[in-house]
Amino acid sequence: MSSRQVFSEQEAAEIMQWAVRLQEQSNEGENYTPGVTLQELQRIAEEAGLDPTFIEKAISNKAVVESEKGVFHFTESFERVIDGEINPDDFDLVLEEMKVSGRNQRPGAYQVGRSMTAMAWTGVSQAKVEVSARKGRTRLQVTSNAFGAYFLGLHGPLIGGIIIMALMGERGNALLGALLGGGLIAAGGVAFKWLLMKGHKAAQKLTEKLAGVIADEIEKADEAP
């Protein structure tokens, strides 16, 4: 146990996030209930000596972090927790919204118990989609990566730039080769960055879309006799 007894607000938030990850990865993760209700947030704030009304003000001012960015922003992860559990038999509906016609036709999609993982194409890049239902809630996480942006925007210019520099160097025009090849690679880098950001935005839209589908299915199931 740490000898420290007092932590800053930022440290406390990071500790809580890390503790959640550790519990999800441990054998005791099944005891974890995804998400935190407004009432729970207010209770935590009150115990920390904060006026609970400021929690609602912070939410209304959009102080909530909507995503987690990876190193160099090559990845961006969006997470939503929906009140209620989606039936695992309805995971196919989520796959349909990802333009996946069926689990057996998509090697990248698999289900283990009440959890499903799949790869989605956002139009410009790939995104990993994870859905798990337990403890009365459904957790959705969509993580966009740089795979598609690299191959669509940078891979060709990078290879072409290297070839140009090598060929021009063999002909004694190394400077010209560096200018032409370097310019091509730089243009590819700009395209990569643009596609990467576009892919992250598409992943965010996919997150909201899938969250809506899951919420609708949960509501239909609750209304069914």
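The values are calculated or read from the model by the stated rules, or taken from the named source; none is laboratory data. Small disclaimer: the values here were computed from a predicted structure and weren't measured. Cβ sites come from the backbone with ideal geometry, for glycine too, and all protein chains shown count toward neighbours.
Results, tabulated for the structure shown:
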read-out	value
Residues located in the stretch 199-212, provided they are in contact with a helix residue (DSSP H, G or I) (Cβ under 8 Å, 6 or more places away or on another chain) and surrounded by fewer than 19 Cβ atoms within 10 Å (Cβ to Cβ)	209
Which listed residue, of 159, 185, is out of contact with any helix residue (DSSP H, G or I) (no Cβ under 6 Å at 6 or more places or on another chain) and modelled with pLDDT of 95 or more	159
Leading residue by the ranking (farthest from the chain's Cα centre (by Cα)) among those in the stretch 80-92 that are of a type outside the set (D, E, K, R) and part of a helix (DSSP H, G or I)	88
Test: residue in the stretch 209-218 that is among the β-branched types (Val, Ile, Thr), touching a Pro at 6+ places or on another chain (Cβ under 6 Å) and assigned to a helix (DSSP H, G or I)	no
The stretch 25-79 - residue that is assigned to a loop (DSSP other than H, G, I, E, B), of a type in the set (A, V, I, L, M) and loosely packed, with under 13 Cβ neighbours inside 10 Å and, of those, modelled with the highest pLDDT	48
Answer from 115, 101 - the residue that is at pLDDT below 85, polar (S, T, N, Q) and surrounded by fewer than 16 Cβ atoms within 10 Å (Cβ to Cβ)	101
Positions within the stretch 190-217 being free of Cβ contacts under 8 Å to residues at least 60 places away in the same chain, over 18 Å from the mean Cα position of the chain (by Cα) and over 18 Å from residue 126 (Cβ atoms), in sequence order	190, 216
